[in-house]
Amino acid sequence: MRLSVVVLLCLLVSVTVAAPAAPLFKRGTVTIVQADRRVVLDVEVADTPQARAQGLMHRTSLADNAGMLFIFEEAQRLSFWMKNTFIPLSIAFIDPHWRINDIQDMDPPQPGGDIPIYVSRHPAKYALEVNQCFFRRHGFTVGARVVYRPAAAVRGRDAGGRGSALIKGCTAGP
């Protein structure tokens, strides 16, 4: 009986002292600049294999000023799919010098249908997912410059899914 009490107390102490698990995604901001256009996004950062595999899966919305930045160790042709992703997205593939070198629209797969794979046309070290048509709506094209600032430099910004409607079709303009 005494041994069980001691074991129980040790378990309780270890549970209360244990540090909370680290969040899956880091946070920061991304600024996209091209000619006289400039937009700042709050981003979640997927820079580990686990975070990159999770991505935006199981989300039902993404704020208009939010996105997910994927960071890879080296430039390569990147492949993305929309498994368990319910939000139509656009993806910008970004070279090691932080220039967009490809933009593609990605649609959620149809129930029971094949899951398409979206492959970058050129080697990229980074990828930025945003609501579909974001780049077109803001007039950003291949060649736009991207600036990333980690949350430590941003302090207090939140990139969570602060609601936005799913966008059906694109409209040009700001």
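A few comments on the model shown:
- 1.4 Å probe accessible area per residue over the stretch 60-99, in Å²: 45 Å²
- Averaging the Cα positions of each part gives two centres, and for the stretch 40-73 and the stretch 109-135 these lie 12 Å apart.
- Pair Thr31, Arg52: separation of 7 Å Cα→Cβ label points (nm): 2.7 nm
The values are calculated or read from the model by the stated rules, or taken from the named source; none is laboratory data. Computed from a predicted structure; not experimentally measured. Glycine also receives a Cβ, built like all others from the backbone with ideal geometry; neighbour counts cover every protein chain displayed. The area values use the complete protein model at the heavy-atom level, side chains included, leaving out ligands, DNA and RNA. Shrake-Rupley method; radii C 1.70, N 1.55, O 1.52, S 1.80 Å.
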